């Protein structure tokens, strides 16, 4: 719930007032005469804290509210809007002034002649202005599942919850299993849903330096209709986004580039759009700024040669069979030109640099068909950086940037790496070194899921997912970077598996134990503890079983023992005969062990990976 208050004359000239409904239902205050209580409020823009004191008047059934310090800090004016949102034991407050771009949208939420509103977050979820506490909603997996249903992508809720919890526990997830079962689609869907990787917000960011041959232009502010640009620290220009689109189309259609005079582009714009031009010549007179803005947008479409980079949050790359080193991921120093660096065509290095500069937003690297080449060769630097203290990757030997590339990069904590895997005669198996660093999630399709798919009348439309969960992005990242509570009783559940895996040299180490504990904590807090065994079940099949592979002589007995550990009654003589659903404690792990056992009995060999 969010509380919105519009500032009126009385608030500024005398004593500010809050509605009684807000005081009692939102702030949870119910005082006797003469008593007072203080609530801590954090001002969003500068994280400064204030105490709001509520004191009940002795003569009347109302409260006095002391907001003098807060009003002074924000220079409160009549008509401004304050937005309050609960956060744990305190409150966030955002100040929306009357000249702010999102003001009209928020102002519409007030009923006629009302200056107080309590609203549910779903009613104001669309982020119409920057830094909004409304757009910083708590992360919720059910919202993602609802969006999947709406776009026609059918995946089980348990699978998506495991996937999201795995990303937050460790930002490296491998998706394996049946070909065509939705591995790549899930990676695409979630990265598209949680990011604003389309449209104007993708092209321009606050404090971005624009491409220009002579002047220096910095993006100061972005709204849903305009962009504000500062020229060399002196003057500012407010440019309509529609006008930028006019200029972008002309640049692309005429093959203009950074060397084309801005006056030439302006003349073409006025000529082409003269019938639909609603902007005055004064707008178009900012032709140098408009040229820089339009070049950035045209560069995004890959149509213009410019040194500027568009900031994308998602990079999906198909791994080639010829990837024998890191060059396709990170590029290489140019041996023919000293102090020059060749970036990879994959744009992966640009993604890493963008993630470094924007640590509160999620960035996604999707490696499709990850095992088309030996992962240990081309991905070695990433595997090492994941576990090192400083997480750095060296790029070149210089002490300054080469071609805009620093000598080293730090693997960003907000970069989430997702690899998809198919198993056939053209692919390579993963080594324990890789599996130990990832959560491995297997995709299977049940009879019911296939039947529902065949009977569904909804066509797949992935575009419906774009940015739908972007208002939860910062909370998603904060969970991934934050600490988790210690899980009680984990030792009793995992040690039986450790002891039996040790017998075949597949026991887990401290890293896996730590990551399992973190995954279980995140999974349980995400869903609430509906079934206390769900998180442990997922952790076993994602972190412990993937390293199992070998002959019948080596594994057959161990598979039976492990399967028994997945049952409530671990003393059963036969782990697979006459077992009902009610007998199984860890169903996902049990079904996987059962399939592996069937395969080893039929073929004499088994592994976690299945074609």
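The values are calculated or read from the model by the stated rules, or taken from the named source; none is laboratory data. Being a predicted model, the structure only gives us computed values, none of them experimental. Every residue, glycine among them, receives a Cβ derived from its backbone with ideal geometry; neighbour counts consider all protein chains shown.
When you check residue 559 against the structure, is it touching a strand residue (DSSP E or B) at 6+ places or on another chain (Cβ under 8 Å) and in a helix (DSSP H, G or I), yes or no? When the stated conditions are applied, residue 559 passes them.
For region 516-534, does any single residue satisfy the condition of being assigned to a helix (DSSP H, G or I), closer than 25 Å to residue 175 by Cβ and without any contact (Cβ under 8 Å) to a residue 24 or more places away in the chain?
Scanning region 516-534, I find no residue that is assigned to a helix (DSSP H, G or I), closer than 25 Å to residue 175 by Cβ and without any contact (Cβ under 8 Å) to a residue 24 or more places away in the chain, so the answer is no.
Restricting attention to region 568-609, the residues being under 23 Å from residue 505 (Cα atoms) and either surrounded by fewer than 16 Cβ atoms within 10 Å (Cβ to Cβ) or without any contact (Cβ under 8 Å) to a residue 40 or more places away in the chain (or both) number 12.
Do any helices (runs of 4 or more DSSP H) lying entirely in region 307-391 carry at least 3 residues that are surrounded by 15 or more Cβ atoms within 10 Å (Cβ to Cβ), and which ones are they?
327-330, 348-357, 380-387
For residue 413, the conditions (1) touching a residue at least 60 places away in the same chain (Cβ under 8 Å); (2) touching a strand residue (DSSP E or B) at 6+ places or on another chain (Cβ under 6 Å) all hold with the exception of (2).
Looking at residue 545, is it part of a helix (DSSP H, G or I) and either touching a strand residue (DSSP E or B) at 6+ places or on another chain (Cβ under 8 Å) or surrounded by fewer than 20 Cβ atoms within 10 Å (Cβ to Cβ) (or both)? Considered against the rule, which asks whether it is part of a helix (DSSP H, G or I) and either touching a strand residue (DSSP E or B) at 6+ places or on another chain (Cβ under 8 Å) or surrounded by fewer than 20 Cβ atoms within 10 Å (Cβ to Cβ) (or both), residue 545 comes out as no.
The set of residues in region 250-269 that are under 14 Å from residue 287 (Cα atoms) and either assigned to a helix (DSSP H, G or I) or in contact (Cβ under 8 Å) with a residue 60 or more places away in the chain (or both) comprises 250, 251, 262, 263, 264, 265, 266, 267, 268, 269.
As a summary of the residue check, residue 399 satisfies the conditions (1) surrounded by 12 or more Cβ atoms within 10 Å (Cβ to Cβ); (2) part of a loop (DSSP other than H, G, I, E, B) except for the one numbered (1). All conditions but one from (1) surrounded by fewer than 17 Cβ atoms within 10 Å (Cβ to Cβ); (2) modelled with pLDDT of 75 or more; (3) part of a helix (DSSP H, G or I) apply to residue 244; the one that does not is (1). Where helices (runs of 4 or more DSSP H) fall wholly inside region 100-199, the ranges with 1 or more residues that are at pLDDT 85 or above and either in the same structural domain as residue 386 (by TED's automatic domain parsing) or buried (at least 18 other Cβ atoms within 10 Å of the Cβ) (or both) are 141-151, 157-169, 183-194.
Checked against (1) without any contact (Cβ under 8 Å) to a residue 40 or more places away in the chain; (2) assigned to a helix (DSSP H, G or I); (3) assigned by TED's automatic domain parsing to the domain that holds residue 389; (4) more than 28 Å from residue 191 (Cα to Cα), residue 488 passes all but a single condition, namely (2). Within region 408-438, restricting attention to residues that are assigned to a loop (DSSP other than H, G, I, E, B), closer than 12 Å to residue 370 by Cβ and at pLDDT 90 or above, the residue that is nearest to the chain's Cα centre (by Cα) is 438.
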